[in-house]
Each structure stands twice: as C-alpha cells, then as structure tokens.
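Accompanying notes for the structure given below.
The values are calculated or read from the model by the stated rules, or taken from the named source; none is laboratory data. Just so it is clear, the model here is predicted, and its values are computed rather than measured. Positions of Cβ are generated from backbone atoms using ideal geometry, with glycine treated the same way; all protein chains shown enter the neighbour counts.
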Amino acid sequence: MTSCWRICLDSLRTKRVFLLACLLTPLFLAATVVSAQGVWTTVGPAGGDARSFATVPGQPNHLYLGTTNSWIYESTDGGSSWHRLSKLNSFGDLIVDHIVVDAGNPALVYVAGWTADRPNGGLWESHDGGRQWTEIEGLHGQSIRAFAQAPSNPEVLFAGTLQGVFRSNDGGASWTQISPPGSREIHEVESLAVDPANPDIIYAGTWHLPWKTTDGGKAWHNIKKGVIDDSDVFSIIVDPAHSHIVYASACSGIYKSENAGELFHKIQGIPATARRTRVLKQDSLHPEVVYAGTTEGLYKTVNGGRTFKRMTGPDVIVNDVFIDPKDSSRVLLATDRGGVLASEDGSASFAAANEGFSERKVEALLVDRGNPARIFAGVVNDKSYGSVFVSDNGGTGWHQLAGALDGRDVFVLAQAQDGTILAGTNDGIFALKENAPSHPDGKDTDRNAGKTKEKRKDAGKGEDLSPRTQTIWEPRDTIANTLTKTATETHHGERVNVEKHVAEARRRMGGRVYALDLSGDTWLASTAGGVFTSKDNGATWQGGPVMGVTGYLAVAVHGPVLAAARPDGVVVSNDSGESWWPIGIPTVLTRIHRIAYSPDGTLWLGAREGIYFTRDKGKSWMWIKRLPFVDVDDVYYDAQLDRVLVSSRSSDFVYAIDTKTLDWKWWQTGYRLSAVRSASGHLLAASLYDGVLVEPQPRAAVAEAGRGR
C-alpha cells in the first residue's frame, strides 16, 4: 500500500508565521506506507473496574463479567481466570451493568447497558453464548439501568430506562412501555424485581422512591411507606420462596418488607457513609443470608436483616455479588478498581481473581533501558489498587510498586541515563528506590496476572490487595530556587546598593506533573506550577512560570537545548534552562499536546492539527499533511526503532515515522491509546481502558516489509 505526503513549509518572519505558496501548490513526496494488521493482545496489569456477573443456569463455573468499556469477559473455571469474549460497540463507552443468561437456553444471552456521558445505551442479544451480538431495535438508544427476566416465564423480559419500565412478552422481539409514558413519577428506573410466580407483579425502584404494579403495569402505586422521602432505590430483591419478603436498598439505607412492599422497615447497622448500596443478593441455599454491596465495602446478614456485618474494608466499592448456587461459601465481588475478588469461606476473606482481566487506564509506559523485558506502567483512577506496576518478563506477569505513593495517579514515567526512574503523579515527583525493606508482615507475594500466591485473611479489609514489594518511592520534588535581592551595604565608607542571590525557602513542588525528560545532564519537568530543571539528579529543582505563564504540558531535551510546550506556544532554552525564549509556531495550530527531539536536533510537535517538525529551531516548520491522522496526543522518539511513534486518544491507530526518509507505517490496535513504545523488537501500547497492549508479531518482520520507496 503506497500513499504520499504533502509537506508544507511555514516561514516565520519577525515572530509572525506566513504560509508559503506551497499551501496552494503542494509538494508531494512519495512514502512507503505499510499496514501491519492483527489482533493486539492485552497483557495487564490485572484489575480495574468490574461491573456485573451472570452465570449459566446449572453451570456455576461458567460465568460472564461486564465492564465499563463495552467488553464482556468469560470464565469457565468459576472466576479463577478470565478471557475477553466480545465487545458490544466500537465506541467502548457502554457500562455493562446487566447480563442475563436465558433460563431455558444457555446459548441465549442478553446484555443491557448505558453510557455515562449521555442518555444512551441499549439491549443486545447473543445466540451463541456471547461471541456474536445483535442489538435489539426496540430499545435502541435507551439508557437501560435495570433489566430482569421473569422467573416463571423466560419469554417475559423487563427493562428499566430513564423513560420508564418496558416489557417484552416474546423474548425481546417487541417491547411495550408499561409505565405511564411521560410520567412525572415513574421514570429514571434504577432497579427492577419480578415476583417469582407472577410476571404481572413488578417492583420498580426509581431515583425517587419505589413503585409496584400487580396487573402488568395497568396501574402503579407508590410503596414508600417506611422509606425516607427522595431515596434513590438502587436494588430490589424478592425472596424466591416467600414472595412477601422484599428487600430494597436506597441512598438512605437498606429496607425490608414482610408484606410485599406495603410497609418497609429500615435495617439498622449500616453506617450513613455506606448507604449507597448498589446491589443486594440473597443466598439461594440459605435465604436468611443476604449480601449488601455498598460504596464502602461488603455487608452481610445471616439473620434475615436484623443485623449486618461488614466483611471487607471500606475502600472496596462493590458493584455486584455472585453467590455460587451450589456452594454458598464461594462468593465473588465485582468491584471498582480492584476487579474481581473471590472468597472460598463465605466472605470471611477475599483474594484477587483477575487473571486475564485488565481494565486499567494506563497513562504512562516505560521500558527499562538496561532490560527491555522490564516494563513499567503508570495507572490512574485506581487509588490503593493502582499507581505503578512492573513486569519483569515483557508483560506476562505484573506486580504492583505502590509503596509510599499513597494511591496517587501516575501520569508520567521516565528513566535517567544512570537508570534512575521517576514517576510524575497528580501530587509531585517520586523516585523509585530498589531493595527497600519489605512490608512489616514479612510476606512476599506474586500477583502475576492478578493472582496471589496465598490468600491473606486481611485481603479487602482496607489494606492493599497487591503483593508486598521490596521497593518504595521517595519524594524528589523539592524546589530550591534563588532570587536576586538588592541590599544596601557600606563599602569603603560609602553606602551602595548590592545585588545578591538569596536562597528561597525550600518547598514541595506538589501539583500534577505533566511531563518529564531525564535523557540529558539537566533533568526537565513541566508541572502545574511551571517548568523546572534539576542538575543534581532530582535532589532539588529550580524554576516556575516561564515567560510569566504556567500550563506547560510537554518538555523535550536535546543536550543543553531544552524545549517546553503549552497548548498555544513553545519556548526553548540554549543554556540548560537558565533562560528561555519563544519560538514561532504555525498559525494554524489550535492546541499543542506533545513535543519530542530526534537525535539530529529535529523538534517534533503533535497537535490537534497533526504532526509538524522543525530542523531550525522554529524558523520554519514542515507539516505532514498526508499522514491520515490528526488530534495527535503523544509523540515519542524511539531510539531502538529510530522512528517517531505517534498516537491519539481518539483513535486506535499507531504510526511510526522514519526520521530520515519520512516513510511511515501504521498499525490498528483495536483499542484507544495514550502512548506507544517498543521493547525487544515489538511495539507496546498504553491504552485508555484496557491496560498494556502488545502487537501481534515481532516488529523486525514488519520493518523489513516496509523498506523501499
């Protein structure tokens, strides 16, 4: 496959950018374009957000797992390991909160979902056990927050949406709204429950109290007696053997009714901070046992709700609970950040069960310069379950390096020439210290692919579920600026003004770190407070606002030459950061995201409008217009490949540009990306929602195929 590029030269005169006539009569240069296609593999780190469970009736070891990015996972060993089964839409924005396997046909699976940023969603069905899916048109675009199959008739389905309650009597082929259309009361339906013997008795929990119908929706009445007003009802369950017993969870607590919802009594013992109970699940073998999954841990009652006891720490956010219908001691939790947690002792203790499950948001990716099999991944949004992970075998297994990061988000990872590794977080810079003392309990675990060697009794009770490592992170963000101060002194009997350099009080850098470059003798960082340099390996930093402003998002180092970019400009220093001056940029640019130097001193710039580069410090710029790629978020010069790697958060494509010939190659990964690097002859990618990815074949073979013009 061949294409060509349009290169546009923008001459800069007197700090203004003039577009030359090449915009009207473009110069085309031939370039070899090679497509390397194949399925990219997700390799971890294990964990992330898990939303919902479903099991095949009669086969409790065959499980499905829903996520927050349209993916469905499958397990055939009871949740000990997982594999990606299918993705419901290409946007990757569907929150899969409900999976139902048909009671009479295990190959028939329904999935209902919604999107977080807009009132959208839908219902999908599969007739081959979840491998291929078809959207059900009758609920197209509906934000489905609740979904249920009638226990007494699998052909009868119910969906709760932002508009109300919908019913199908033919397995989803057609749908009818059974709540009053346009109702000011029965809308924004968050939960549904159906009487075990009568599909015309339906309970609906809304964002403002529960409702019930006994005639299939012809008439509804509010069942709020005993429930605090304006309570969002997240979950409703009906005892399958005693349908007059109903449990409901709301933002005001957990309630129980013993007369089919006509009167509720609030259950005591759940603290106010944990009252957002997302799910209630009843043990089918022991009806008096009910689990409550809250935003502050898992609670359990063994006496029908008279008392509840918290079984995990408050940091566990529970989205769903699975109780093995054949063995009540087996309990699985779908959680935020922690992925799947498994218990074999009735929830007395939990261990991670995330082998094959990776839903991490990886913002930073680093390949050890001395050992390409050692890969570091920095993640965000995962608090104590996140920070930094490392793989010592090219991504096959990972373990967490979170000591002293205290759950900080990690946006940047960089390595110096001496091997020092720094992490730029949402609150300062930290250096990795190897061979630090291990955890006080003296235990060492290995969570390769998300599994622990041993199940700790304290797992899930506020402690980090990751292994105890022998590494820690030390702060490396001390600002030690000097300022010029004028003082009056007496010299030879005369009073004179003297300028002196005075050390300011030392302080922490703090705030978010946007970029780090440690490739030179002078280390360079851009943070919320400005641009900083260090000449003592990060022991101290000097700097602040440059040209009177902050907001620099990217930095690059080429020997003593430093560059820093903010969304609307680039500054350069020729003296290792002692002074800065602005360079001209093309006037068409509306937002700059990233910059990088290649060894010949060419400065590459990734922006909303695409890729630009300058070989003369901004006097002229060249624009790679024919590269079928815009809104570039990451630009990185890879020394191993001698190519500039380019990616975008809004795309699943990767481009590699030869810095000399300007030939380029591309790969389609199937996942949205935040960065691309190479290790041991193949490409790696950091994804927005799916962990670290590895290309399907060695890079060397692809490079050979792309030579020649």
- [ ] Consider ALA342 carefully, then state whether it is modelled with pLDDT of 95 or more and either surrounded by fewer than 24 Cβ atoms within 10 Å (Cβ to Cβ) or not in a strand (DSSP E or B) (or both).
- [x] yes
Open item on the list: Looking only at region 674-697, filter to residues that are in contact with a Gly (Cβ under 9 Å, 6 or more places away or on another chain) and part of a strand (DSSP E or B); which one of those is modelled with the lowest pLDDT?
Closed with: HIS682
Open item on the list: Testing ASP368 on (1) of a type in the set (D, E, K, R); (2) outside the structural domain of ARG408 (by TED's automatic domain parsing); (3) under 22 Å from SER647 (Cβ atoms), one condition comes back false. Which one is that?
Closed with: (2)
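Tell me which residues, restricted to region 501-519, are more than 18 Å from GLU578 (Cβ to Cβ) and either of a type in the set (A, V, I, L, M) or at pLDDT below 75 (or both).
If we filter region 501-519 for residues that are more than 18 Å from GLU578 (Cβ to Cβ), which is where we start, we get 505-516, 518-519.
If the condition is that a residue be more than 18 Å from GLU578 (Cβ to Cβ) and either of a type in the set (A, V, I, L, M) or at pLDDT below 75 (or both), then ALA505, MET509, VAL513, ALA515, LEU516, LEU518 are the ones that fit.
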Open item on the list: Going through PRO180, PRO210 one at a time, which residue ends up being over 20 Å from VAL100 (Cβ atoms), under 37 Å from the mean Cα position of the chain (by Cα) and in the same structural domain as TRP114 (by TED's automatic domain parsing)?
Closed with: PRO210
- [ ] Say whether the condition of being in a strand (DSSP E or B) and of a type in the set (Ser, Thr, Tyr) is met by at least one residue in region 529-540.
- [x] yes
TODO: Just need a number here: residues in region 63-118 that are modelled with pLDDT under 95 and touching a helix residue (DSSP H, G or I) at 6+ places or on another chain (Cβ under 9 Å).
DONE: 0
Task: Filtered residues of region 346-378 (kept if of a type in the set (A, V, I, L, M) and part of a strand (DSSP E or B)) - done: ALA351, ALA352, ALA353, VAL362, ALA364, LEU365, LEU366, VAL367, ILE375, ALA377
- [ ] Say whether the condition of being surrounded by 20 or more Cβ atoms within 10 Å (Cβ to Cβ) and assigned to a loop (DSSP other than H, G, I, E, B) is met by at least one residue in region 115-131.
- [x] yes
TODO: Collect the residues in region 522-573 that are among the hydroxyl-bearing types (Ser, Thr, Tyr), free of Cβ contacts under 8 Å to residues at least 24 places away in the same chain and surrounded by fewer than 20 Cβ atoms within 10 Å (Cβ to Cβ), keeping them in residue-number order.
DONE: THR550
Open item on the list: So, LEU589, is that one in contact with an Asp or Glu (Cβ under 7 Å, 6 or more places away or on another chain), modelled with pLDDT of 95 or more, in a loop (DSSP other than H, G, I, E, B) and farther than 19 Å from LEU524 by Cβ or not?
Closed with: yes
TODO: Only residues that are closer than 17 Å to PRO287 by Cβ and in contact with a strand residue (DSSP E or B) (Cβ under 6 Å, 6 or more places away or on another chain): list them for region 231-248, please.
DONE: SER235, ILE236, ILE237, VAL238, VAL246, TYR247, ALA248
TODO: Find all pairs meeting these conditions: Cβ atoms under 7 angstrom apart; at least six residues apart or on different chains; first residue within region 662-677 and free of Cβ contacts under 8 Å to residues at least 40 places away in the same chain and within 27 Å of VAL379 (Cβ to Cβ); second residue buried (at least 21 other Cβ atoms within 10 Å of the Cβ) and among the hydroxyl-bearing types (Ser, Thr, Tyr).
DONE: LEU673/SER647; LEU673/SER687
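Residue-wise test of (1) over 30 Å from the mean Cα position of the chain (by Cα); (2) part of a loop (DSSP other than H, G, I, E, B).
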{"position": "VAL571", "(1), (2)": "yes, no"}
{"position": "ASP575", "(1), (2)": "yes, yes"}
{"position": "SER579", "(1), (2)": "yes, yes"}
{"position": "ILE585", "(1), (2)": "yes, yes"}
{"position": "ILE595", "(1), (2)": "no, no"}
{"position": "ASP600", "(1), (2)": "yes, yes"}
{"position": "LYS617", "(1), (2)": "yes, yes"}
Task: Residue match in region 274-295 (condition: over 25 Å from PRO151 (Cα atoms), touching a helix residue (DSSP H, G or I) at 6+ places or on another chain (Cβ under 7 Å), in the same structural domain as ASP327 (by TED's automatic domain parsing) and not aromatic (Phe, Trp, Tyr)) - done: yes
- [ ] Give the number of residues within region 61-118 that are of a type outside the set (A, V, I, L, M), under 24 Å from ASP652 (Cβ atoms) and under 19 Å from the mean Cα position of the chain (by Cα).
- [x] 22
